[in-house]
Amino acid sequence: MRLLPRFRLRFRRRGPRLRVRPSVPSLHELTKDAPALLVANIGRGAAYNISVSIRVRASAFQFDEIGELAPHAEAPLLHQGTGRIRFEQASTSTNWFRIVLRTVARDEGTDLRIPLDVRYTDSAGRESVGKQTLHCDEQLRLRVTNG
């Protein structure tokens, strides 16, 4: 009976494990310069060169790269808007992430499922890609699930 817990501990993953989570429960609470999403390392090893991208309809957005994330630490996902569209010039009180999701949510009228790709490198130099899904309902509440 004691062998099973020892077996589980021995084969537990020791590297980084990244999870994206919303920084606010609803987009209504998101201020202009606040990040809408956070990435947390729930693993036992550091993660390097972290890049998170989302696809909303036919547009892809990539958040700024995070150089390093220690175990049990978290960092905000920021977007500088260096492409053709400069979101920070839209208004003094709007958040670019809220603009994008509100527009799509209004058109769709249902629970949005937005794919997230989380790419990172571990301390051994192995690259990993994680797939998660950002959900946004009619009341603009946010949650993230695996897969």
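Table for the structure above
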quantity: Globularity index of the range 25-83, i.e. its alpha-carbon radius of gyration over 2.2 N^0.38 Å; calculated: 1.24
quantity: Backbone HN-Hα couplings from phi across the range 29-46 [Karplus 6.51/-1.76/1.60, Hz, Gly and Pro as x]; calculated: 8, 8, 7, 4, 9, 7, x, 7, 10, 10, 10, 10, 9, 9, x, 9, x, 6
quantity: Nonlocal amide H pairs with His79, under 5 Å, H built at 1.01 Å; calculated: Asp64
quantity: Calculated from backbone phi, Karplus (6.51, -1.76, 1.60) coupling profile of the range 120-132 in Hz, x at Gly/Pro; calculated: 7, 10, 8, 5, 8, x, 7, 8, 10, 10, x, 10, 9
quantity: Amide H within-cut-off set for Ala73, under 5 Å, with H built and near neighbours excluded; calculated: Asn41
quantity: Distant-in-sequence amide H partners of Ser23 (H built 1.01 Å from N, under 5 Å); calculated: Leu37, Leu38
quantity: Inter-site label distance for Glu138 and His72 at 7 Å from Cα along Cβ, in nm; calculated: 4.3
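Coordinate-derived values only; no laboratory data. As the structure is a prediction and not an experimental result, all values here were calculated from the model. Glycine also receives a Cβ, built like all others from the backbone with ideal geometry; neighbour counts cover every protein chain displayed.
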